[in-house]
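Q: The structure under discussion is supplied below as structure tokens; questions concerning it will follow.
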Amino acid sequence: MGWQGHLLAWLDLLFKAAGLLAWFVVLVLALLEIKRYYNIDLIPGYDSAVDDVYGAARGTLSEFFER
């Protein structure tokens, strides 16, 4: 197997890793949206930094696409 075979193997691995990472991000965003929709809190009344960042990003994107 020459350098082209090694390159194809690395590209295949990179493509699979990027796909796995993309699905993980989608899963995390879905869980955050479910948490927000059903108002699920581990500590009632406490918004974590993740909640704040998600809320700010969601608000910014909704304002951007509203126009």
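Q: Here are a few candidate values for semi-axes √(5λ) of the Cα gyration tensor in Å: (1) 38, 16, 9; (2) 28, 12, 8; (3) 22, 11, 9. Which one was actually calculated from the structure I just gave you?
A: Checking each listed value against the structure points to (1).
Q: Now a separate question. What residue among A9, S62, W23 has its Cα farthest toward the positive end of the dipole of the chain, where the charges are +1 on Lys, Arg and -1 on Asp, Glu, each on the Cβ?
A: Of the listed residues, the answer is A9.
Q: With loop defined by DSSP as not H, G, I, E or B, and exposure as at most 13 other Cβ atoms within 10 Å, which is the longest segment of the chain clear of exposed chymotrypsin sites (Phe, Trp or Tyr not before Pro)?
A: On the way: sites that count: Y38, Y46.
Of all site-free stretches, the longest is 1-37.
Q: Of the accessible area of the chain, with the probe set at 1.4 angstrom, what percent is carbon plus sulfur? Each step should come with its number before you reach the end.
A: Values: 4620 of 6370 Å².
C and S atoms contribute 72 percent here.
Q: At 7 Å along the Cα-to-beta-carbon direction for both L61 and N39, put a label point, then send me their distance in nm to one decimal.
A: Placing both labels 7 Å along Cα→Cβ, they lie 2.4 nm apart.
Q: Also, quick follow-up: So what's the back-of-envelope 222 nm ellipticity for the chain, counting only DSSP H runs of four-plus at -39500 (n - 2.57) apiece and dividing by all residues, rounded to 500? Present the calculation step by step, with values, prior to reporting the outcome.
A: On the way: 2 runs with 53 residues, N = 67.
Computed mean residue ellipticity for the chain: -28000 deg cm²/dmol.
Q: Determine the per residue accessible area of the chain with all protein chains present and a 1.4 angstrom probe, expressed in square angstrom. Could the numbers behind the result be given before it?
A: Details: 6370 Å² over 67 residues.
Result: 95 Å² of accessible area for each residue.
The values are calculated or read from the model by the stated rules, or taken from the named source; none is laboratory data. Note that the coordinates shown come from a computational prediction; the quantities given were computed from them, not determined experimentally. No Cβ is skipped: glycine too gets one built from the backbone with ideal geometry, and neighbour counts run over all protein chains shown. Just so you know, the surface numbers come from the protein's heavy atoms only, side chains and all, with ligands and any DNA or RNA stripped out. Shrake-Rupley method; radii C 1.70, N 1.55, O 1.52, S 1.80 Å.
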